[in-house]
Amino acid sequence: MSEAEQVPASAPEAASAVILDALNATDSNGTEALNATAKFVATPEGTALAYGSLVFMALLPIFFGALRSVTCSKSKNSADMPETITSRDAARFPIIASCTLFGLYLFFKVFSQEYINLLLSVYFFVLGVLALSHTMSPLMSRIFPVSLPNKQYQLLFTQGSGESKEEIVNYEFDTKNLVCLLISSVVGVWYLLKKHWIANNLFGLAFALNGVELLHLNNVSTGCILLGGLFVYDVFWVFGTNVMVTVAKSFEAPIKLVFPQDLLEKGLEANNFAMLGLGDIVIPGIFIALLLRFDVSLKKNSRTYFYSSFLAYIFGLGLTIFVMHTFKHAQPALLYLVPACVGFPVVVALFKGELTEMFRYEESPPEEAGTKEDSSASDKKDQ
């Protein structure tokens, strides 16, 4: 949603729904300040800077998350294996998201908003630290000084003994991971104590990048079902009721990207924000990432579908902001993003004569892919 899309981030389906429900909002024009009682009218410069920054921040997790999703799809490490979304999951996701959104709406109406947000802050502090740590780990591997020892550690928690011993937790990490965790914890404490918009954005970018990297659609048809369902969901809850906007403005969690429109006047203490929900980044992002993996599967050394869908996303997001700013009203961003992100690649596929091939593309889970490779290798060896 465009205006103040703040939805709970995703984990399993329920957690995803919580972040996806408010994740669809982008502040209309900053005339309503979150932390101020007086009306604020943004300057043209402040508005341009805010929305330009939001667009740039939205593109980062999609681009890098899609690149990392290619590596992730080939990973044999259980900790890095993606969560595959099937057509059944895609079909029921809008229903789960709707129930979660309405449940949050009732929760905020019945219970004290202060206590609810306190619990949510602690919950997202833990999730944010882990997400930011995972996001930083590839960069840390490159800049970690060679002179420092990189020791290996293992956290093992078992149940029972002897032959009946069962592993509950088996987590392997090293010194680099500990450094990432320490840095992420500092950001987490900063967010928990100050709720500063920069700390919020660091966590939001980490959530979005992890979502694009680790949530995989198994084929293009599933992507169309998911985007189509959330298209209807977003339009209904934004235009049909005030539920989405109410939850978005009440929900204090790093499930959106924000940028102050009064930054030029107040500096880092600015507090009149334009917002973009993470759902408007993650949902189109996982579809764009799927098209990148499809490009890779064609083995043509081209990224036609990835770049066409990426440009389509920029167009759709720009159109959302334009309409929102023109009509001064929250907009369901997926109303513009879904037709663009699906339509552009389909037109390209029709032009290239690869539409059937694109919809036949099926992505196997990492375990199955590994099994198929092993079996084909053994067949060749037998021959």
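The values are calculated or read from the model by the stated rules, or taken from the named source; none is laboratory data. From a predicted model like this one, the values you see are computed outputs, not experimental measurements. Backbone-built Cβ (ideal geometry, glycine too); neighbour counts: all protein chains shown. Keep in mind that these areas ignore ligands, DNA and RNA; they rest on the heavy atoms of the full protein, side chains included. Shrake-Rupley method; radii C 1.70, N 1.55, O 1.52, S 1.80 Å.
Of note:
- Within the range 169-195, residues that are over 25 Å from SER121 (Cβ atoms) and among the polar types (S, T, N, Q) reach partners that are open to solvent by less than 80 Å² (accessible area, probe 1.4 Å) and not in a helix (DSSP H, G or I) with beta carbons closer than 9 Å, at six or more positions or on different chains, in the pairs ASN170/THR158; THR175/PHE144; THR175/ASN150.
- Condition met for LEU335 (closer than 30 Å to VAL238 by Cα, open to solvent by 10 Å² or more (accessible area, probe 1.4 Å), in a helix (DSSP H, G or I) and at pLDDT 95 or above): no
- Of all residues assigned to the range 205-212, none qualifies as being in a helix (DSSP H, G or I) and farther than 30 Å from LEU291 by Cβ.
- Whichever residue in the range 94-121 is out of contact with any Leu (no Cβ under 6 Å at 6 or more places or on another chain), closer than 16 Å to PHE231 by Cβ and not β-branched (Val, Ile, Thr) and, among such residues, is surrounded by the fewest Cβ atoms within 10 Å (Cβ to Cβ): SER98
- Screening LEU139 with (1) under 21 Å from PRO254 (Cβ atoms); (2) open to solvent by 100 Å² or more (accessible area, probe 1.4 Å); (3) modelled with pLDDT under 85; (4) aliphatic (A, V, I, L, M) gives one miss only, at (3).
- Residue that is nearest to the chain's Cα centre (by Cα) [pool: residues in the range 143-164 that are in a loop (DSSP other than H, G, I, E, B) and of a type in the set (Gly, Ala, Ser)]: SER147
- Subset of the range 272-299 (residues that are farther than 26 Å from PHE231 by Cβ and either in a helix (DSSP H, G or I) or touching a helix residue (DSSP H, G or I) at 6+ places or on another chain (Cβ under 8 Å) (or both)): VAL296, SER297, LEU298
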